[in-house]
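J.: Dropping the structure in here first, questions after.
The values are calculated or read from the model by the stated rules, or taken from the named source; none is laboratory data. Everything quoted here is computed from the prediction, not taken from an experiment. Here the Cβ positions follow ideal geometry from the backbone for every residue, glycine too, while neighbour counts run over all protein chains shown.
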């Protein structure tokens, strides 16, 4: 097997191993459909990008070793090839196809993450102010809880979030759900999530809003269905 073929084989094995690790890394840790869609997009972009990077490094390393100056090899070819239309066409068409693929899957991800279902089970008005979150919650049976400091929902419920700020810009962030959306004064952003596992998760402000920004923490309780 030639050096170039060995290099390609090693690169393919490494990329395959990375893909297998990535595919199982968070298989049991998905907490919302939006998180699942986002992670799928992340790995669909990450794995090919790493493969391309590794391939380029392998080719550069091969060229350096193959054509380095050494005893008996001190001069280049008499007629060096300066262009190749087929190769030039390939490295134009292939990146274009990759970008088209990424654009399509990114659009599909946005459909999942940013399209609020028309008939949510729970509607929550999230109010941000320095340095606290408050929740006005309307449950499926018509029960309304105002000015709650904790957001309580159940597994499988579709939760619509309507955000408002009464002072400065904030950012609603649930790290476990990989959910983050800006809360801007004078503008009502809308988002949603559907919890798939029970538990208690922290809500943070991810936009610096003042000296006590670090203390702007609340909880979301997800109850078993």
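J.: Any idea which residue in region 3-56 is nearest to residue 98 (Cα to Cα), counting only those that are at pLDDT 85 or above and not in a helix (DSSP H, G or I)?
T.: Going through the qualifying residues, I end up with 32.
J.: Does residue 159 count as touching a strand residue (DSSP E or B) at 6+ places or on another chain (Cβ under 7 Å) and either in the same structural domain as residue 43 (by TED's automatic domain parsing) or surrounded by 14 or more Cβ atoms within 10 Å (Cβ to Cβ) (or both)?
T.: Yes: the conditions hold for residue 159.
J.: Residues in region 154-164: is at least one over 18 Å from residue 117 (Cα atoms) and at pLDDT 95 or above?
T.: Taking region 154-164 first, the residues over 18 Å from residue 117 (Cα atoms) are 164.
Pick out the ones that are also at pLDDT 95 or above and you get 164.
Yes, the conditions are met somewhere in region 154-164.
J.: Next question. Just wondering, is there one or more residues in region 131-140 that are surrounded by 14 or more Cβ atoms within 10 Å (Cβ to Cβ), modelled with pLDDT under 90 and under 30 Å from residue 223 (Cα atoms)?
T.: Looking for residues that are surrounded by 14 or more Cβ atoms within 10 Å (Cβ to Cβ), modelled with pLDDT under 90 and under 30 Å from residue 223 (Cα atoms), one finds at least one in region 131-140, hence yes.
J.: While we're on this one: Counting only residues that are in a strand (DSSP E or B) and touching a residue at least 60 places away in the same chain (Cβ under 8 Å), how many does region 149-191 have? Before the answer, list the steps.
T.: Restricting attention to region 149-191, the residues satisfying the condition of being in a strand (DSSP E or B) are 150-154, 159-165, 170-174, 179-184, 187, 190-191.
Okay, now just the ones that are also touching a residue at least 60 places away in the same chain (Cβ under 8 Å), so 150-154, 179, 190-191.
Matching residues across region 149-191 total 8.
J.: Additional query: Which of the following residues is under 30 Å from residue 32 (Cβ atoms) and touching a strand residue (DSSP E or B) at 6+ places or on another chain (Cβ under 6 Å): 109, 113, 123?
T.: Sole residue among the options that is under 30 Å from residue 32 (Cβ atoms) and touching a strand residue (DSSP E or B) at 6+ places or on another chain (Cβ under 6 Å): 123.
J.: Which members of region 182-218 meet the condition of being closer than 18 Å to residue 35 by Cβ and surrounded by 15 or more Cβ atoms within 10 Å (Cβ to Cβ)?
T.: Correct list: 191, 192, 193, 194, 195, 196, 201, 203, 204, 206.
J.: OK, next. Can you tell me which residues in region 102-124 are closer than 19 Å to residue 158 by Cβ and loosely packed, with under 11 Cβ neighbours inside 10 Å?
T.: Scanning region 102-124 gives 111, 115, 118, 119.
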